[in-house]
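To start, the structure itself, in structure tokens.
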Amino acid sequence: FLSADHDITSEICVPLLKEDKVLGILNVESNQHNRLTQKDVDLLTTIAGPIAVSVDNGWLHTKILRMATTDAVTGLANRHVFEQALNAEIERSERHNSPLSLIIFDLDYFKQFNDQWGHPAGDLRLKAIADIIKHNLRKYDIAARYGGDEFAIILTDCTQQNALQFAERLRQNAQTGAPQVPLDGVGISGYTLSIGIASYPQDAAFPSELLIAADNAALRAKQQGRNRIKFAERS
């Protein structure tokens, strides 16, 4: 490390160890010649243990928090986090009088795919769709695996027409641009989606109603032939 800064003349580096795993380095430098002594080495060695434990606990906390908020298969938000976010975003939209759209979609024939190829292959397909979502998502939008093969996306400051453009891009990317899933030496690609769109405030005034409206629209898309987009029906 000394060569990185010509003003440094003495330095101590002590590894932060946890069960023989190096978590980091405790580094102390001085620009005074012979300023650091064996006593300093002993002190740093003594405190390195508790610091390593704290660092490891911090990483564990972060991992547990990520597991509690993220879907393990896709890396998207889980259902609980998504519903909290939807509540908050609708409140924000109400305050700022701004539009919000909700997209819900299913993978067509996903159960049959799982039955034929098995759940590990199904997980690969879910990951592929999640990657397509992430690629198309704006940084302030929120996507989740809502359950099974159902995904949900909050498009903030987004009109119904803009949501349609997003959904169509998603549908086309899934059908033509999804990566192949190699199964028994055969590359399977091209997934179709049944997509429903509901927008706030015209389709629903409350989060639960908006979810139902978008879900019903996705169901109609499936019932009317799959691989299509449907808007919520206004009562």
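Just one of Ala128, Ala178 is closer than 21 Å to Thr70 by Cβ, among the hydrophobic types (A, V, I, L, M, F, W, C) and at pLDDT below 95; which is it?
Ala128 is the lone residue from the list that is closer than 21 Å to Thr70 by Cβ, among the hydrophobic types (A, V, I, L, M, F, W, C) and at pLDDT below 95.
With in contact with a Lys or Arg (Cβ under 6 Å, 6 or more places away or on another chain) and within 16 Å of Tyr191 (Cα to Cα) as the only criterion, which of Asp108, Asp123, Asp131 stands out?
Values: Asp123 fails: in contact with a Lys or Arg (Cβ under 6 Å, 6 or more places away or on another chain); Asp131 fails: in contact with a Lys or Arg (Cβ under 6 Å, 6 or more places away or on another chain).
Checking each option against the conditions leaves just Asp108.
Out of (1) touching a strand residue (DSSP E or B) at 6+ places or on another chain (Cβ under 7 Å); (2) modelled with pLDDT of 90 or more; (3) outside any strand (DSSP E or B), the odd one out for Gly75 is which?
Result: Gly75 fails condition (1) only.
One residue is enough: does the stretch 142-152 have a residue meeting the conditions at pLDDT 95 or above and among the aromatic types (Phe, Trp, Tyr)?
Yes, the stretch 142-152 contains at least one residue that is at pLDDT 95 or above and among the aromatic types (Phe, Trp, Tyr).
Hey, any hits in the stretch 48-59 for a residue that's outside any helix (DSSP H, G or I) and at pLDDT below 95?
no
Go through Ile133, Ile104 for me and flag whichever is touching a residue at least 24 places away in the same chain (Cβ under 8 Å), within 19 Å of Asp71 (Cα to Cα), of a type outside the set (Phe, Trp, Tyr) and in contact with a Gly (Cβ under 8 Å, 6 or more places away or on another chain).
It is Ile104.
Just to verify a result, which residue in the stretch 83-103, among those that are of a type in the set (A, V, I, L, M) and part of a strand (DSSP E or B), is farthest from Gln172 (Cα to Cα)?
Taking the candidates together, the pick is Leu100.
Is it the case that the stretch 73-94 has a residue that's within 25 Å of Phe231 (Cβ to Cβ) and of a type in the set (Ser, Thr, Tyr)? Let's see the steps before the verdict.
Our first condition is that a residue be within 25 Å of Phe231 (Cβ to Cβ); within the stretch 73-94, this holds for 76-77, 79, 82-83, 85-94.
Filter again for of a type in the set (Ser, Thr, Tyr), leaving 93.
Looking through the stretch 73-94, at least one residue is within 25 Å of Phe231 (Cβ to Cβ) and of a type in the set (Ser, Thr, Tyr).
The values are calculated or read from the model by the stated rules, or taken from the named source; none is laboratory data. Predicted model only: the values in this text are computed from it and were never measured. Cβ: placed from backbone, ideal geometry, glycine included. Neighbour counts: every protein chain shown.
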